[in-house]
Amino acid sequence: MQIKPFAALRPTPEQAAALASVPYDVVDTAEARALADGNPDSFLHISRPEIDLPDSVDIHDDRVYAQGAKAFADFQSRGVLLREKAERFYVYRQIMGAHCQTGVVACCSIADYADDIIRKHEKTRKDKEDDRTRHCLELNANSGPVFLTYRDMATLDALVAKVQEGVPLYDFTAVDDIRHTVWRVDGDGGEWVEAFRQVPLAYVADGHHRAAAAFRAGQQRRAENPAHTGTEAYNWFLAVLFPESQLRILPYNRCVADLNGLSADAFLNHVKTIFTVEPVAGADPAGPREVRMYLAGKWHRLAWDVFEADPVGRLDVSVLQDRLLAPVLGIDDPRTNTRISFVGGIRGTGELTKRVDSGRDAVAFSMYPVTVAQMMDIADAGQIMPPKSTWFEPKLRSGLLVHTLDSSRTRRPC
């Protein structure tokens, strides 16, 4: 695959912690507004610009995109974001509790995205693509990196380890107790380019809409440029690439609002005709081909032995959907059915019991997490994972390193 270094827009080390923000798509407007409250340097003013407009303004209104571009220009004019003097690669480490993951920050080719060298496992929604594409074009930048993974390679592991022996550019612990450390790679990075040429495939772990938007923005800029050569910055998009073995996927749990007209006893009896069911004390599945169900104040273990050959069909979320949620509970399309909701594993199984005990939902399902290998197998097969199958944690921070779509430079270099 192809990567290249870039002349980043980035904060000073002193401003990094205040500027760095969660990805735009993990918070809604109210949450983004609360996180940025009292912090004029939060990158959320750029990635979620509606927070600086009245509540009555629709998030897809022209004024929102104009506000984002205005904030981006303001951050540069105030020196909150400064231009790196030269094109560089970076190494980005995140530590969350006992978990550590370290990736390479680089620009990836939109041609590799188009040619399926960068593989996908999710469907994207056109409205979300449209939003991020316009945001990208209005800013003239990739405001947040795409989270990519690749199969482990010893050569790259050695390069990354060597960089971490140096003094970091940024090193701070965010308010959620996740530690973020960034090193700048010295030199032109030729050995990194060569090493990644030996990586046959990369996979979008998180950020499918960001990747699709970057591709579309590049295509539009290409169509608008009669002198297009293929070397322009819009042919590349910002990404952080992690080796497969370092990533952690948390479960994506399910809650259903009602039992589709069944009593709790009748529903449980129906479940027993589909799965092996036994009462349990714990909420977390012990392994694959097992789901924990919380119903009427009790946890139950649901298990099955049949092994599906299809890589999508064998996923626990698929088995639950195909055998129980759709035929019994009437959840025909989990993407659109309003009776089902999804709870990321970061919130814990306590959120499931809380929802059922409060009456907000009638039943909850605690899932065993999908593996990175399963995700890769599905992408290699050209298939799509079921909705809400993977929850990667920790999330990449936006704003630490920004890639712009042309060669313009600010007057204040780092």
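Of everything in region 286-322 that's at pLDDT 95 or above and of a type in the set (Lys, Arg), which residue is farthest from Gly359 (Cα to Cα)?
The extreme case among them is Arg301.
List, please: which pairs have Cβ atoms under 6 Å, are six or more places apart or on different chains, and start with a residue in region 180-198 that is more than 24 Å from Leu19 (Cα to Cα) and end with one that is polar (S, T, N, Q)?
Close Cβ pairs satisfying both conditions: Ala195/Thr155.
Looking only at region 1-41, which residues are without any contact (Cβ under 8 Å) to a residue 60 or more places away in the chain, assigned to a loop (DSSP other than H, G, I, E, B) and under 22 Å from Gly207 (Cβ atoms)? Quick ask: steps written out before the conclusion?
Keep residues of region 1-41 that are without any contact (Cβ under 8 Å) to a residue 60 or more places away in the chain, which gives 14, 18, 27-41.
Imposing the further condition that a residue be assigned to a loop (DSSP other than H, G, I, E, B) reduces the set to 14, 27-28, 37-41.
Passing the criteria: Val27, Asp28.
Picking from Thr390, Thr371, Thr353, which residue would you name as being open to solvent by 10 Å² or more (accessible area, probe 1.4 Å), under 20 Å from Asp284 (Cβ atoms) and modelled with pLDDT of 95 or more?
Thr353
Scan the strands (runs of 3 or more DSSP E) fully inside region 287-401 and keep the ones with 3 or more residues being over 19 Å from the mean Cα position of the chain (by Cα).
290-295, 298-303, 363-366
For region 75-183, give me every one of the strands (runs of 3 or more DSSP E) that falls completely inside it and has 2 or more residues that are closer than 16 Å to Phe6 by Cβ.
On the way: elements: 90-96, 99-109, 146-150, 170-173.
Answer list for region 75-183: 90-96, 99-109, 146-150.
Suppose we keep only residues that are buried (at least 20 other Cβ atoms within 10 Å of the Cβ) and farther than 17 Å from Ala158 by Cα within region 170-196. Which one would you say is nearest to the chain's Cα centre (by Cα)?
His180
For region 224-271, what are the residues that are basic (Lys, Arg) and open to solvent by less than 50 Å² (accessible area, probe 1.4 Å)?
Just the residues of region 224-271 that are basic (Lys, Arg), to begin with: 248, 254.
Across region 224-271, the qualifying residue is only Arg254.
Please enumerate the residues belonging to region 256-286 that are within 32 Å of the chain's Cα centre (by Cα) and either in a strand (DSSP E or B) or among the acidic types (Asp, Glu) (or both).
Val256, Asp258, Asp284
I'm checking my understanding of the structure. Among residues of region 325-337 that are over 17 Å from Lys272 (Cα atoms) and in contact (Cβ under 8 Å) with a residue 24 or more places away in the chain, which one is least open to solvent (accessible area, probe 1.4 Å)?
Ile331
Suppose we keep only residues that are in contact (Cβ under 8 Å) with a residue 24 or more places away in the chain and closer than 15 Å to Ala364 by Cα within region 278-292. Which one would you say is surrounded by the most Cβ atoms within 10 Å (Cβ to Cβ)?
Val291
Can you name every residue in region 197-223 that is under 21 Å from Tyr150 (Cβ atoms), part of a helix (DSSP H, G or I), touching a helix residue (DSSP H, G or I) at 6+ places or on another chain (Cβ under 7 Å) and open to solvent by less than 40 Å² (accessible area, probe 1.4 Å)?
As a first pass, look at region 197-223 and keep what is under 21 Å from Tyr150 (Cβ atoms): 197-212, 214-215.
Add one more test, that the residue is part of a helix (DSSP H, G or I), and what stays is 197, 208-212, 214-215.
Among the residues that remain, those that are also touching a helix residue (DSSP H, G or I) at 6+ places or on another chain (Cβ under 7 Å) are: 209-212, 214-215.
Answer for region 197-223, where residues must be under 21 Å from Tyr150 (Cβ atoms), part of a helix (DSSP H, G or I), touching a helix residue (DSSP H, G or I) at 6+ places or on another chain (Cβ under 7 Å) and open to solvent by less than 40 Å² (accessible area, probe 1.4 Å): His209, Arg210, Ala211, Ala212, Ala214.
Can you find a residue that is on the phi > 0 side of the Ramachandran plot and surrounded by 15 or more Cβ atoms within 10 Å (Cβ to Cβ) anywhere in region 338-348?
yes
Determine, yes or no, whether Asp361 is open to solvent by less than 30 Å² (accessible area, probe 1.4 Å), of a type in the set (D, E, K, R) and in contact with a Lys or Arg (Cβ under 8 Å, 6 or more places away or on another chain).
It is true that Asp361 is open to solvent by less than 30 Å² (accessible area, probe 1.4 Å), of a type in the set (D, E, K, R) and in contact with a Lys or Arg (Cβ under 8 Å, 6 or more places away or on another chain).
Of Arg78, Arg33, which residue is in contact with a helix residue (DSSP H, G or I) (Cβ under 8 Å, 6 or more places away or on another chain) and of a type in the set (Lys, Arg)?
Arg33
Identify all residues within region 301-324 that are over 24 Å from Ile384 (Cα atoms) and open to solvent by 20 Å² or more (accessible area, probe 1.4 Å); write none if there are none.
Once the filter is applied, which keeps residues that are over 24 Å from Ile384 (Cα atoms) and open to solvent by 20 Å² or more (accessible area, probe 1.4 Å), region 301-324 yields only Arg301.
Which pairs do you get when a residue that is within 11 Å of Trp304 (Cα to Cα), found in region 263-276, comes within reach of a residue that is open to solvent by 40 Å² or more (accessible area, probe 1.4 Å), reach meaning Cβ atoms under 7 angstrom, with the pair 6+ apart or on two chains?
Ile274/Arg323
The values are calculated or read from the model by the stated rules, or taken from the named source; none is laboratory data. Everything quoted here is computed from the prediction, not taken from an experiment. Every residue, glycine as well, gets a Cβ built from its backbone with ideal geometry; the counts of neighbours run over all protein chains shown. Accessible surface is based on the protein model in full, side chains and every heavy atom, while ligands, DNA and RNA are left aside. Shrake-Rupley method; radii C 1.70, N 1.55, O 1.52, S 1.80 Å.
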